[in-house]
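Novice: Got a structure for you, questions after.
What follows draws every value from the coordinates through simple rules; no lab data is involved. Keep in mind that this is a model prediction, so the values were computed, not measured. Heads up, the Cβs are rebuilt from the backbone with ideal geometry, glycines too, and the neighbour counts pull from every protein chain shown.
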């Protein structure tokens, strides 16, 4: 799997759509403007703190900022959950029935989410 970093262009896009300058955001979040510029340019990884701040300040959806990673994780969760259900169905113990129901709800929820996955 290739590197699935933050979509840093999205960070700048959310900031620009909100009409905030890089200088103002850097001040508000108490980071060096040059550091923040490097994060937005993709020259430095965005910390969890910066991601969450952009999420809070600009209502930036995490699934947009991490679109590729979300799609990958979504596909893996769906695949592994379905495999687990199939394994539990083979056992058919009384406990596995409850487990299958619980996992099936999650799979159903995942199946209705769209993160650009290709199964």
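Novice: Put one equal scatterer on each alpha carbon of the chain, apply the Debye formula with no solvent term, and list log10 I(q)/I(0) at q = 0.14, 0.18, 0.20 1/Å to two decimals.
Specialist: -0.69, -0.88, -1.00
Novice: Given Cα positions, please report Rg to Rh for the range 68-112, the hydrodynamic radius being the Kirkwood one. Walk me through the numbers on the way to the answer.
Specialist: Values: Rg = 11.5 Å, Rh = 10.9 Å.
The Rg/Rh ratio comes out at 1.05.
Novice: Still on this model: Stretched out fully, how many nm does the piece from residue 56 to residue 38 gain, at 0.36 nm a residue minus the Cα gap? Please report the intermediate quantities before stating the final value.
Specialist: Working: separation 18, 0.36 × 18 = 6.48 nm, distance 2.04 nm.
Taking 0.36 nm per residue and subtracting the Cα distance, the gain is 4.4 nm.
Novice: Two decimals is fine: what's Rg over Rh for the range 8-65, C-alpha atoms, Kirkwood radius as Rh?
Specialist: Numbers: Rg = 9.9 Å, Rh = 11.0 Å.
Rg/Rh for the range 8-65 comes to 0.90.
Novice: When the helices in the chain are scored as -39500 (n - 2.57) per DSSP H run of 4 or longer and the sum is shared across all residues, what 222 nm value do you end up with, to the nearest 500 deg cm²/dmol? Don't skip to the answer; put the middle values down first.
Specialist: Numbers: 7 runs with 86 residues, N = 119.
That comes out to -22500 deg cm²/dmol.
Novice: Further question on the same structure: Among 93, 81, rank each residue by its count of other Cβ atoms within 10 Å, from fewest to most, as a rough exposure measure. Could the numbers behind the result be given before it?
Specialist: Numbers: 93 9, 81 18.
Ordered from fewest to most neighbouring Cβ atoms within 10 Å, 93, 81 come out as 93, 81.
Novice: Using a 7 Å offset from the Cα along the Cα-to-Cβ direction at both residue 30 and residue 101, what is the distance between the two label points in nm, to one decimal?
Specialist: Between residue 30 and residue 101, the simple spin-label model gives 4.9 nm.
Novice: While we're on this one: Based only on other Cβ atoms within 10 Å, what is the fewest-to-most ordering of 82, 16? Let's see the in-between values first.
Specialist: Values: 82 16, 16 13.
Placing the least packed residue first, the sequence is 16, 82.
Novice: Further question on the same structure: If each residue's Cβ is checked for other Cβ atoms within 10 Å, how do 66, 27 rank with the fewest at the top? List each step's numbers first, then the result.
Specialist: Details: 66 20, 27 12.
Going from sparsest to densest Cβ surroundings: 27, 66.
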